[in-house]
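Structure, as structure tokens:
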Amino acid sequence: MGYTLAQKLISSHLLTGEMKPGSEIGLRIDQTLTQDATGTMAYLEFEAMGVPRVKTELSVAYIDHNTLQTGFENADDHLYIQSVCKKHGLYFSRPGNGICHQVHLERFGIPGKTLIGSDSHTPTGGGIGMLAFGAGGLDVAVAMGGGPYYITMPRIVFINLKGRLQPWVAAKDIILEVLRIMSVKGGVGKIIEYGGEGVKTLSVPERATITNMGAELGASTSIFPSDDITREFMRAQGRESDWVELQPDADAVYDQIIDIDLSLLRPLAACPHSPDNIKPIEELEGIPVNQISIGSCTNSSLLDMLKVAQILKGKTVHPDVSLSIAPGSKQVFNMLAMNGALAELIAAGARILESACGPCIGMGQSPNSKGVSLRTFNRNFEGRSGTADAQIYLVSPETAAASALYGVFTDPRKLGEPLKIDLPDKFLINDNMIIPPAPESEADMVEIIRGPNIKPFPQTTPLPEEIQAKVLLKVGDNITTDHIMPAGAKILPLRSNIPAISMHCFVRCDEEFPARCTTEEKGIIIGGSNYGQGSSREHAALAPLYLGIKAVIAKSFARIHVANLINAGILPLTFENESDYDRVSMWDELALPDVRERLKKGQALILKNQTTGETLPLSSGFSKRQTDILLAGGLLNYTKEQN
Ligand code: MIC
Ligand code: SF4
């Protein structure tokens, strides 16, 4: 029986475990990336491990999230990360150089290599055939130190693309269709592999839009084969020598096959407030639009920007619409400037933003009250834009640009003549905003610059014999990390300061939560299904840790978040019977008797609800390694114990 493409890459990087779905495997990691909002913590953790030089083939730190400098905090973080890179052997991508995933694809990604990044959209690299995972900062720190990255061996879904897209239908519409079919939970425990004749009709930036937004399926990662189109892209980036061909075996066996006929797709939108709430644009046509934002790691390639420029050329943005555009990288920005497309965007009235995440993470451009905002981004969770009652829709650049002209939801197909865009044979290559590390011989002389906002990683203690605590919060299904640890211009600058950022934990669901935790000193959170979907931010585990949360008991968890909870030493437990969720209420006094002993012996855990007198069975299903991490009180303690 042959291997699928993902299985091939897993097998060539397998350090521990068996490739049996559901069992834990450890992978050798070739490359890592971080961004600044998760990076400071990751590097504090890396420093705490005491490894002098990164042991990966390549590690890069990007500055793209916290580029709005309304105080000293973000700029201090940038300097801290820059000095860490210099000393410990990483490349540093300066603010202004672009969004991590876009720049990594352009300048560093290599087909067939493994990549983990402290950002959930790291699977963008799957667009050129990388096996790329989003991970918590601590997992990235361990990988930089040469340690394996552990995941549960996923099942493999094959998405068989047939035919070719009709004019005005985009790669974004393909991934929105996949989200419609599978939902935000549908990818959990799975790798999504794309193949079929239709793949040959998709360029690398289009493939990367699709793998990027696979994160919204909850998938472990997504991947495309590496073929002649990949080769052309690598050649145009001056990196053809890094290209290798990668295809699945002809007799590969998949766990699930989904057929999508590209020629039948229409322009789609993800409606508020979930990326899987999909409707065709035809059904939304005519709804007035207040704001449009084009950019983010999903849709900010040169191809996307050139499409938008062609649509806006010689026209003016509708008077009721504010249109902002952020090119994904300095390369894209510079090429737009050189070929005149930037002038067209400016002339049409677009508000040009720097090459960064910007509005996607609530760093500016929050919509007006109850505003309707169309965005080419990947997440439309409630409140993420910075405006609590805004209505955010996720659409293709074509739909965004067409709607910008008419001021209402507009099906781009009505714009007539198809767009014609040729990607260049050669991209503009100028890596002057990427700073290489100091030579190893000079590393000792480099001083780490630590601003006053940078506070150490919170202390953890080994798991006690028994946990007794009250329910301090009960939430429903699909809680995102944006609920748990909101981002945005006010809160993001506190990413290096866990005590301060903790005071914003869960405030979007319950303003009193941090104060309640401070008074009670310890507590338990009850969650519904898919708890912790979305971002890889480990702050969604570290803030609860700081606030004294000992366990989260939910119907089910999202992949990266559950790993972050374990790494922080917080027990992520699931109800054996989902309906038992209803048997626990806010303020109930709960106990996890003999939890340490039971975990150690691999026995089932039970939950005693002392308020109702009921005993409820729990499932945990931890691997031996995860158990040891929890017993030690988190991955840092565990790693120190191992050394
Ligand atoms: C996001 O899109 O939510 C982020 C901001 O890029 C996060 C990382 C973070 O919270 O810093 C992600 O997707 O992992
Ligand atoms: Fe940045 Fe948005 Fe991409 Fe996250 S999803 S990395 S915030 S552009």
Please work out, to two decimal places, the log10 of the ratio I(q)/I(0) at q = 0.10, 0.11, 0.17 Å⁻¹ from a Debye calculation in which every Cα of the stretch 260-384 carries one identical scatterer.
-0.32, -0.39, -0.94
Based on the mean of other Cβ atoms within 10 Å per residue, sort peptides 33-42, 600-609, 587-596, 73-82 so the most packed one is first.
33-42, 73-82, 587-596, 600-609
Using a cut-off of 13 Å between beta-carbons, work out the net charge of the residues near Asp431 (Lys and Arg +1, Asp and Glu -1, Asp431 not included).
+3
State the Cα centre-to-centre distance between the stretch 555-570 and the stretch 64-110 in whole Å.
26
As an exercise, use a Förster radius of 45 Å and the Cβ-Cβ distance of Ile346 and Lys200 to find the FRET efficiency, rounded to the nearest 0.05.
0.80
How much length would be gained if the chain were fully extended between Arg94 and Gln69, taking 0.36 nm per residue of separation minus their Cα-Cα distance, in nm to one decimal?
7.6 nm
Over the chain, what is the mean sequence separation of C-alpha contacts under 8 Å (at least six apart), divided by residue count, expressed as relative contact order in percent?
14
Simple spin-label estimate for Thr519/Ala443, 7 Å along Cα→Cβ, in nm, reads 5.0
Taking the chain as the reference, fit the longest principal axis to its C-alpha atoms, fit the long axis of helix 330-339 to the helix C-alpha atoms, and give the angle between the two in degrees, 0 to 90, nearest 10.
10
Subtracting the Cα-Cα distance from 0.36 nm times the residue separation, let me have the gained length for Asp249 to Asp594 in nm, one decimal.
119.3 nm
Cα gyration tensor category, rounded, prolate or oblate, for the stretch 202-281 with a/c compared to 1.5
prolate
On full extension of the chain, what length is gained from Asn339 through Lys455, given 0.36 nm per residue of separation minus the C-alpha to C-alpha distance?
37.2 nm
FRET efficiency for Gln468 and Ala48, Cβ-Cβ distance as r, R0 = 22 Å, nearest 0.05?
0.15
Counting alpha carbon pairs within less than 8 Å and at least 6 residues apart, what relative contact order, in whole percent, applies to the stretch 99-219?
29
Looking at the P(r) of the stretch 408-466, how many percent of alpha-carbon pairs lie beyond 13 Å?
84
Any idea how far the Cα center of the stretch 492-545 sits from the one of the stretch 178-205, in Å?
32
The rounded separation in angstrom of the Cα centers of the stretch 432-479 and the stretch 336-373 is 32
For the chain, longest principal axis from Cα atoms; helix 171-182 axis from its Cα atoms; angle between them, nearest 10 degrees, is 40
Given a Förster distance of 41 Å, the FRET efficiency implied by the Cβ-Cβ spacing of Ile258 and Thr316, rounded to the nearest 0.05, works out to 0.45
Okay, helix-only estimate at 222 nm for the chain: each DSSP H run of n ≥ 4 adds -39500 (n - 2.57), divide by all residues, round to 500 deg cm²/dmol; what do you get?
-8000 deg cm²/dmol
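Where a number appears in this text, it was derived from the coordinates with a stated rule and is not lab data. Just so it is clear, the structure is predicted and the values come from calculations on it, not from any experiment. Neighbour counts run over all protein chains shown; Cβ positions are idealised from the backbone, glycine included.
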